[in-house]
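What follows is a short report on a single structure.
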Amino acid sequence: MNTDLTPLQKSILLHLYRYGPDDPWYMARRLNGESGWFPNLDPEEVELACRRLQDAGLIQRVKHPPKMSPTSSVKPWLKVKAKDGSPRGRYYQLTKEGRRIVAHLRSS
């Protein structure tokens, strides 16, 4: 299965391993530590890659946002992310098989 992965799919797996559950819209902008408001990748392409990884059983959807935490660590009283608890996007996280593939990617 490892040889069937595209470079984008490998980057998504490594990103989810390093940074935890994330949304494809955000991953298009900050994949593997990049920053900025404008996407570095096409969001639809990232979403499609996530769906293919989900179909392969390497990632899974998270039913709720990963955190209910302040958006600012300096002034946490300003605003709380996902205040009402409803999902704002399609968050994905690694499955056990996905973590195994990432361990193999990191060692090679």
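Here are the numbers for the structure shown:
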| quantity | calculated |
| --- | --- |
| Phi-based couplings in Hz for the range 48-60 (Karplus 6.51, -1.76, 1.60; Gly and Pro marked x) | 5, 5, 5, 5, 5, 5, 5, 5, 7, x, 8, 9, 9 |
| Simple label model, 7 Å out from Cα along Cβ direction - ASP4 to LYS96, nm | 2.0 nm |
| Distant-in-sequence amide H partners of ILE59 (H built 1.01 Å from N, under 5 Å) | GLN54, THR95 |
| DSSP-assigned coil residues among chymotrypsin sites (Phe, Trp or Tyr not before Pro) in the range 15-48, each with at most 15 further Cβ atoms within 10 Å | TRP37 |
| Estimated distance in nm for a label pair at GLN60 and SER108, the labels positioned 7 Å out from Cα along Cα-to-Cβ | 2.5 nm |
| Estimated vicinal HN-Hα couplings, Hz - the range 10-17 in sequence order (Karplus 6.51, -1.76, 1.60; Gly, Pro = x) | 5, 5, 5, 4, 5, 4, 5, 5 |
| Amide H contacts under 5 Å for ASP22, placed H, 5+ residues apart | TYR92 |
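Just so you know, all these numbers are worked out from the coordinates, no wet-lab data involved. Since this is a predicted model, take the numbers as computed values, not measurements. Every residue, glycine among them, receives a Cβ derived from its backbone with ideal geometry; neighbour counts consider all protein chains shown.
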